[in-house]
Amino acid sequence: MSPCRDTYRRCASFALVLALVLIALPSLLNAQTAPNAPTVQSSDDFPKMEWFIGYQWLNPGGNKPDHSTPPVAVKLPSLPWGFGTNLSYNFTKNLALEGNFGGNYSKHANEEAVSIGPKLTFRGEEGVDFFVHTLLGINHLAPKTSLHNSNGIGAVLGGGMDLKLWKPVSLRLFEADYEWARHNFSSVVGPEDSQLRRPGYNGVRLTTGLVFNIGGAPEVPVAAACSIDHNEVLVGEPLHATVAASNFNPKHPLTYTWASSGGKIEGKDTAATIDTTGAAPGTYTATARVVDARKKKNGEASCTSNFTVKPLNPPQISCTADPGTVEIGTPSTVTCTCTSPDNATVTVGGWTSSAGSVAGSGNSATFTTTGASAGPATINATCTDSRGLTASATSTVTVNNPPPPPAPVVDKVLEARLALHSVYFVTDKPSATAPNAGMVKSQEGILVDLAADFKKYLEAKPDAHLTLEGHADVRGSVPYNQALSERRVARVKGFLIEQGVPEANLETKAFGKQHNLTMEEVKSAVEQNPELTTEERARFLRNMQVIKWASNRRVDVTLNATGQAETTSVRQYPFNAADSLTLIGGREADRKAAAAKRAAAALKAPAAKKGAKKPTKKQ
């Protein structure tokens, strides 16, 4: 007869609880890890051996024979006083071999059971372990009667729950076992009572106490690993930091705290952003702290990661001009190369020049030299990067005046003709009342030819000058002669201007009678003049005083030109001029022709009347 159907209602209650635990256990053990939970160490963390010792309550659940004859079945009462112990050797995290001993003692009977068998443990992440075991062994029953003790076979089937207090010790909240045994009392009970002769026991055993965890892998410490997306950044560039936690309980909420020795860090859970705006260049450390507030020990980890803030580097620019030397009016192309050491985007602009003008597009510009003065011209350009940093560079272009046009070729024949002759005036001319008179036709012709040649000469020598020097003979006073010579150079200058000679190329000087030619100079000029006949030269020599005065009534002409020797007019009286030879009665040929003409006229004329008055010659 089963003891659970009569007086031992606790047996039924315990069986119900055990059934509920066994039903719920797979669900508890198969609970999924929460999303985004930190990594847990994959290696098994369990003790090598578990030793339990504690209190044990037993309801044997069967009858024993009494001492009467024939024996009568007497129900064994509950045995509240006892203890239990077992030692488990864990082969894996879940499978172990358990050796179990339990003993209960009272005034009615003593019961002891030694068994061994497999144990299956389901270890939870919360430190709560559930186990089941099936054990076989020997059951010893010692009734407190005259009956002898009995050893029989026994078995234990059940399970329980352990709560880890700390790593070495766990609390066994309960262990509920079904204990089965069979004994043999055939020595005192006849075959007529088979159930009492070999009774079976279906008991319930409850146990609680402490479990000592021996050996095994140590508890894996929690950890955290930090990382930053860039080791180096420029001032103002953001950084992103992350932290990965490991070996934490995935079912526990974690708290993340971020800090940084530089920049401004803002973190949320496993990620943070670092703002480096305004940070001084240098190396800084970002720190993440991960805390499991539900664990008093091994519930906190921290990590660090370093980053370097570099200063902003301005762009670099260099410029070159091609060509570097130009003439006024010729352009030059200026090209600039701009780069950023920080790989920022750059643009070139802000073109300026110290002379001329410059217009640019992109990295090149055209420097226009029109209107620029000769000398070095500076062209400036500015490079700007995407962060507003700038750098400037200059290039120098040498601007030269255009080369002068090739010098005109001087006409040597023309230059030879400008071996000038002085211009001569009539006595006491020009007068103060008639300043434009006194120059005979032959001398005007000389000036007309001089003006034509000199204007043409100016085309090759635009800086050439004619110097007009006026003279007078000695028959006047010094003031008179000075004024007279001034009127003479003024007349020659005016005449040349009338012929188109620029006034700026004419200079005048008046010497009066200061530089009169001597008698010897005049006589030498007459004797060496190839244009005179012997008869004409003789007449001139007979009138030397008159010829000397005539030779000093003149204006000398001097030609001055850069690079050319100064040429002074030949101071030679124009003896070959018809209006000048009147001083000696004209040319010899003209005198002979006039004499022959007069002789012929005389032969044809009627004889003069006797007594008629002969005409006198006019002096």
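See the values below:
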| quantity | calculated |
| --- | --- |
| Qualifying residue in region 440-449 (condition: crowded, with 20+ Cβ neighbours inside 10 Å, touching a residue at least 60 places away in the same chain (Cβ under 8 Å) and of a type in the set (D, E, K, R)) | no |
| Residue in region 205-222 that is of a type outside the set (K, R), buried (at least 16 other Cβ atoms within 10 Å of the Cβ), farther than 18 Å from L120 by Cα and under 60 Å from the mean Cα position of the chain (by Cα) present | yes |
| R591 vs. criteria at pLDDT 80 or above, out of contact with any strand residue (DSSP E or B) (no Cβ under 6 Å at 6 or more places or on another chain) and charged (D, E, K, R) | no |
| Residue in region 325-334 that is among the acidic types (D, E) and within 30 Å of H252 (Cβ to Cβ) present | no |
| Any hit, region 188-197, residues being at pLDDT below 95 and in a strand (DSSP E or B) | no |
| Only one of A279, A259, A244, A272 that is in the same structural domain as D229 (by TED's automatic domain parsing), among the hydrophobic types (A, V, I, L, M, F, W, C) and touching a Pro at 6+ places or on another chain (Cβ under 9 Å) | A244 |
| Test for E536: is it surrounded by 15 or more Cβ atoms within 10 Å (Cβ to Cβ) and outside any loop (DSSP other than H, G, I, E, B) | yes |
| Residues of region 254-302 that turn out to be under 36 Å from the mean Cα position of the chain (by Cα), loosely packed, with under 14 Cβ neighbours inside 10 Å and among the hydrophobic types (A, V, I, L, M, F, W, C), as a count | 1 |
| Subset tally (residues that are more than 12 Å from D428 (Cα to Cα), in contact with a Pro (Cβ under 9 Å, 6 or more places away or on another chain) and not polar (S, T, N, Q)) for region 463-505 | 3 |
| Test: residue in region 329-348 that is touching a Cys at 6+ places or on another chain (Cβ under 8 Å) and part of a loop (DSSP other than H, G, I, E, B) | no |
| Condition met for A244 (over 30 Å from V397 (Cα atoms) and not β-branched (V, I, T)) | yes |
| Of all residues in region 425-478 being among the basic types (K, R) and either assigned to a loop (DSSP other than H, G, I, E, B) or not assigned by TED's automatic domain parsing to the domain that holds I497 (or both), the one that is nearest to the chain's Cα centre (by Cα) | K461 |
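The values are calculated or read from the model by the stated rules, or taken from the named source; none is laboratory data. As the structure is a computational prediction, the values presented were derived from the model and not from experiment. Counting neighbours? That spans all protein chains shown, and the Cβs are built from the backbone with ideal geometry, glycine included.
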